[in-house]
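Only one structure is covered here, and it is reproduced in the block below.
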Amino acid sequence: MEEKVRLFMIENQMILPGDGIVLGLSGGADSVCLFFLLLVFLEEWKLRLVCVHVHHGLRGKEADEDEAFCAQLCRKYNVPYRSFFYDIKKEAEERGSSEEETGRFLRYISFEKVLDELGYNKIAVAHHMADQAETVLYHLCRGSGLTGLSGIRPVSGNRIRPLLCVQKEEITAYLKERQISWKEDATNKESYYTRNRIRNQVIPCLQENINRAAAKHIAACAANLAEVDRYIAEQAKKAWKSCIREKIEKNSVSFFLEEYCHQDIVIRKQLIFMAADYLGTGRKDLTSTHLSMVLRIAEAQTGKSVDLPGELFVCREYGILKFMCRDCGNILSQRTNEICENLRTSGMEYTLPDNRGKLFLSSPIPAEQIPVKEIAKIEENTYTKWFDYDKIKGTLQLRTRQEGDYIEISETGGKKKLKSYFIDNKVPRQLRDSIWLLADGSHVLWIIGYRISEGYKIRKNTKHAIRAEMRWR
C-alpha cells in the first residue's frame, strides 16, 4: 500500500521536497495509518511533520483517552504534537450550526493556526475511498450538480488527501499486518448524523446487495467527474468573455443572446452560475428547475422574466439576457470603499464585511522555509498568493477600490491605475466596486480573483514572505 499511496501523491503533485505538513490525527485507524505512511516518506522527501489533535469535548473519558493515545504515539516516534480543546456543543449553539459542521470548522481552524505558526505549507487529512463514496452519495441525495458529485478533491488549496486511493479494508489490513493499534470512535457507529447513516447503512447495503466494490467504483466515478468539471469551468470562462456585453448597465450582467444561445447547454448553465456569483447572490440555492427557467427565458420573446433565489432577477431584452440583483444597488454601495480592519500579518483570518468569504494571512515565513518551487507551481491559483513581507511599507488593508489605487505590472516598476487595469481586462463596470483588494496604501498587492503586483512578488533576495488565501462561502 505504501507504493500505491506514494504514486498517488506524486500523480496529484501533493508533496515537494522540504514540505512542512500538519497532520490531523484523531487516533482512528485512518489518521494513524496516514501517520505511519508519512513517517515512511519523511526521509525520502525531507519532510517536516507535526500532528494536531482536536478534542471536541463530547465523549467524556473516551475522548480523553483518544487525546492521550495521540500524544503518546507522537512521543514514541519523536513527532511534534499539538492538541486543542473545544466545547463543540456550546460552540455550535453560538454559531447556529450543527455539531458536525462546527467540529469540522474548528478542526481546520486549528490546523491552519499551527501551519501558520510553524511556517508549514500543507494540511494532510485521512479521507479514503469510503469517505469519497459517502460524500458523493450525500451530495447526490441533496440534489447537487456536477461539482458536488465530483466529491472530495485529492488536493484543494493547501489540503492534501493521500488516502483517497485506498479502501477502508486496505487501511485496517495495513495496520493489523504491522501490529499497530488505533482508537475506535463509538459515535461513528451511531446513525444520528446523516453521513453516518450513509456510511453505516447505505454503503454496506450497496456492497452486500449490488457490488462489493461499490465504494471503489463511486470514488472512481467522482475522480472522472472532477476532470469533467474542471474542463467545463475552463470552457465557461472562455464563453464568458465572448458572451458578455461590455457596455453593461449598473448592477447587472448581460449576455449577447445570439452568442449565449450558440453555446452548448452545459456551458449556458455554467454561465448562469457565474452570473449569480458575480452579482453576489451565489449559486447555492439555484436548482436544475431554476436553470431550466432561465434557459426558457433565453428562447422566449422579448420582455419575459423570472425571479430566482437570492434576489436574482433575469429578463430577456432586445438581443440580450440580463441578470440583476434586486438589492444589488444597495449591496454595491455598501461595499464601495468599505474598509475592513487594518490587517496584521500574524497568522489571522478576516471575514469580509459582506460575509461572502474569509481571507487567511500567514505569519511571516523566513527565507529558508519559503516553498519557492511550490509558489511557482501554484502561480495560476486564483485565490492563494505569496508576497514579499519586507516590501510591505504600511498597514495592509482589505477593501474595495479607492481613488488613486494602482498596481505594478512589470519587474521594472511600471505602474497602471486600477481603473485602467479593469478597462484593459474587460472587467464589467458594475463589478469593479465589489472586487476585493489587498492593499498597502494606494499600492494594490492583490486584485483578489485576478492578479498580484509585481512589486510584492517573491524574488531570490526575499528574506520573509506571507501567504494569503481567500476562501469564498
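Read-outs throughout are calculated quantities, based only on the coordinates presented, and are distinct from any laboratory measurement. Bear in mind that the values here come from a model prediction, so they are computed numbers and not experimental data. Please note: Cβ atoms are built from the backbone with ideal geometry, for glycine as well, and neighbour counts cover all protein chains shown.
Structural remarks
- Cβ-placed point charges (K, R +1; D, E -1), dipole of the chain about Cα centre in debye, nearest 20: 960
- Of all beta bridges that DSSP places with both ends in the range 19-89, some 0 percent have antiparallel geometry.
- Members of 237/322; 61/358; 216/237 lying beyond 25 Å, as alpha-carbon distances in this model show: 61/358; 216/237
- With a cut-off of 12 Å between beta carbons, the residues surrounding residue 153 carry a summed charge of +1, where Lys and Arg count +1 and Asp and Glu -1.
- Counting DSSP beta bridges with both ends in the chain, the antiparallel % (nearest 5): 75
- From least to most packed, judged by other beta carbons within 10 angstrom and beginning with the fewest, 412, 102 follow the order 412, 102.
- Taking the C-alpha atoms only, the angle from helix 2-11 to the longest principal axis of the chain is near 10 degrees.
- Working note: 222 nm ellipticity from helices only, DSSP H runs with n ≥ 4, each -39,500 (n - 2.57), summed and divided by the residues of the chain, gives -12500 deg cm²/dmol to the nearest 500.
- Considering only 372, 12, 1, the residue lying farthest towards the positive end of the dipole of the chain is 372, judged by Cα position with unit charges set on Cβ.
- Selection from 96, 40, 128, by position along the positive dipole direction of the range 1-149 (Cβ): 40
- Counted by neighbouring Cβ atoms within 10 Å, the residues 256, 323 run from fewest to most as 256, 323.
- Rg followed by Dmax, in Å, when the range 64-117 is reduced to its Cα trace: 13.3, 40
- Charged side chains reduced to their Cβ positions (Lys and Arg at +1, Asp and Glu at -1) give the range 148-230 a dipole of some 160 debye around its Cα centre.
- Against the main long axis of the alpha-carbon atoms of the chain, helix 265-278 sits at an angle near 90°.
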